[in-house]
Amino acid sequence: MNNEGSRNQEALVNQVVAWVGLDWADSEHRICLYDVATGNCEASALKHTAEELQQWLAGLQERYEKAKVAIVLEQGRGPVLYALMNYDFVVLYPVNPQSLANYRKTFATSGAKDDPSDARLLMEMVRKHPERFRPWVADDADTRALRLLVEGRRQMVDQVTALTNQLTSHLKNYFPQAVEWAGELDSRQACDFLERWPTLEAVQGARPAQLRKFYQQHGRPRAETLDRRIQQIKQAVPLTRDPAVILAGSVMAQGIASQLRSLIAVVENFDDQIKRLFHRHPDRLVFESLPGAGEVLAPRLLAAFGADRERWQSAAEIQEFSGIAPVTEKSGKSHWVHWRLSCPKFVRQTFHEFAGSSIKWSTWAKAYYLELRSRGKRHHSALRSLASNGFASFSPVGETARRTTNNVFSRPCNVEDPPFLRKLRASLKLASRQR
């Protein structure tokens, strides 16, 4: 850490009014709080619910009037770290679990683990030696808002997907033709179609001029396509003539379509707010330049990395935090690799989806993906490997993020001239000769 960084950290430590050790467990979490003003320590427990965590944080914020509170916890607690990053009064100190284990042995030669004691040890280890640990300071208001907005948008999109699946299922039971005729079921066109014509009998009763006007209002289909669609409607045969099935199905379809219409408007509002914040963010160009990021994934990637370029000192740190890097375990002669369970799922999902999107836009990413597939890896396993190794060639961390807008998969990771890269270079040379 340079002199300026040391001075900034010292100034930050001087602002801290309370130090908290948080030992996170499966069901109940232990807390040890040291009040700087009084010098007293308080021990408490917290149940494993999001509501309990938010209530506890609200109590801290009110008690110390939004002054800085340092919270120390083990580095592997990805979901908790991610949740705490949304509070501007919190200064986070992630501690390597091995560092805590070694510190514990200093005071307990047996090395026995005890949750209440670990909470106190976490707090004391950093409070007494703050210069040896790197704090995570909350992002600025715009970045925090962007993070919450992209997460909220995804939740709304998931609800749209769930309702669309329900709608598809109900339509197939009594009016399967509507799945094609209404258009994309998560669109306003489908909602309008089912609102006007919830049954086959209703749409067959519409005049050709009404149908033409409807489809022209929701796009500009070619004349022959429109004629063919109208002909299909007139010649269609109902799946069932049971009035009970048709009545129940049409009422359910219209009810779901009404919900979808509201959610579509909500998602559009999220998109507008995200676009506004992302457009004025100073790091926008870095994430816009990534191949395949697009309007949806670029803001999500920015929110995942955050605005503090000193938070991540290496690609490995964010790989492990996000859960995109696998976990390797060894015991005796046994050796196994599995994916990381304790991590912020939305961040891992973001990197996974970005890897899938990059295949269409990055030659390197596509070649790497196809090489993994040729070795027998499944689709999602290959994407996780691509996302993980892509960080080794580019990650907006440290000083390089301020200077670079290179493609995330512009060059290979960790190894020199892997087989897939040699194949890629050979095919490119062959193509250039043929020209």
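Values in this text are rule-based calculations from the coordinates and carry no lab data. As the structure is a computational prediction, the values presented were derived from the model and not from experiment. Heads up, the Cβs are rebuilt from the backbone with ideal geometry, glycines too, and the neighbour counts pull from every protein chain shown.
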Options Ser258, Gly323, Ala303, ranked by Cα towards positive dipole end of the range 244-351, top entry (Cβ charges): Gly323
If the chain between Lys377 and Asp140 were fully stretched, how many nm would it gain, using 0.36 nm times the residue separation less the Cα-Cα distance? 81.3 nm
Once each part is reduced to its C-alpha centroid, what is the distance from the range 240-286 to the range 115-164 in angstrom? 28 Å
Leading residue at positive end of dipole, the range 84-208 (Cβ point charges), from Gln189, Val126, Tyr93: Val126
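Set the bar at 29 Å for Cα to Cα. Now go through Lys47/Lys330; Lys47/Lys345; Lys333/Lys360; Lys333/Lys366; Lys333/Lys377 and name every pair that lies beyond it.
With Cα atoms farther than 29 Å apart: Lys47/Lys330; Lys333/Lys360; Lys333/Lys366.
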Mind listing the phi-derived Karplus ³J(HN,Hα) values for the range 305-313, rounded to whole Hz, using 6.51, -1.76 and 1.60 with θ = phi - 60°, and x for any glycine or proline? 6, x, 8, 7, 6, 8, 5, 9, 8
Sort 265-274, 149-158 by packing, meaning the average of other beta carbons within 10 Å per residue, with the highest value first. 149-158, 265-274
So what's the range 174-229 giving for Rg/Rh, alpha carbon basis, Kirkwood Rh from the mean inverse pair distance? 0.92
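Find how much the distance from Val237 to Ala43 grows on full extension, using 0.36 nm per residue of separation minus their present alpha carbon separation; answer in nm with one decimal.
62.7 nm
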Taking the Kirkwood radius as the inverse of the mean 1/r across Cα pairs, report the Rg/Rh of the range 3-138. 0.94
With a Förster radius of 45 Å, plug the Cβ-Cβ distance of Ser314 and Arg63 into 1/(1 + (r/R0)^6) and report the FRET value to the nearest 0.05. 0.80
Residues whose built amide H sits under 5 Å from the amide H of Ala18, excluding neighbours closer than 5 in sequence, are Val36, Ala70
Burial order of peptide ranges 192-202, 314-324, 276-286, 372-382 (average beta-carbon count within 10 Å, highest first): 314-324, 192-202, 276-286, 372-382
Backbone HN-Hα couplings from phi across the range 176-192 [Karplus 6.51/-1.76/1.60, Hz, Gly and Pro as x]: x, 4, 5, 4, 8, 5, 6, x, 4, 5, 9, 10, 5, 4, 5, 4, 5
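Between Lys333 and Val179, what FRET efficiency comes out of the Förster formula 1/(1 + (r/R0)^6) with R0 = 51 Å and r the beta carbon distance, rounded to 0.05?
Efficiency at R0 = 51 Å is approximately 0.40.
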Per residue of the range 17-31, what does 6.51 cos²θ - 1.76 cosθ + 1.60 with θ = phi - 60° give for ³J(HN,Hα)? Whole Hz please, x for Gly and Pro, Karplus curve as stated. 9, 7, 10, 10, x, 10, 9, 8, 10, 6, 10, 9, 10, 9, 10
P(r), alpha carbons of the range 145-279 - 10 Å bins starting at zero, rounded %: 11, 38, 29, 15, 6, 0
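May I ask you to order 239-251, 293-305, 24-36 by the average number of other C-beta atoms within 10 Å around their residues, highest value first?
Working: 239-251: 14.3, 293-305: 21.9, 24-36: 16.5.
Answer by packing, highest mean first, reads 293-305, 24-36, 239-251.
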List the residues whose amide H sits under 5 Å from the amide H of Trp136, counting only those 5 or more places along or on another chain, with H placed 1.01 Å from N in the peptide plane. Leu92, Tyr93
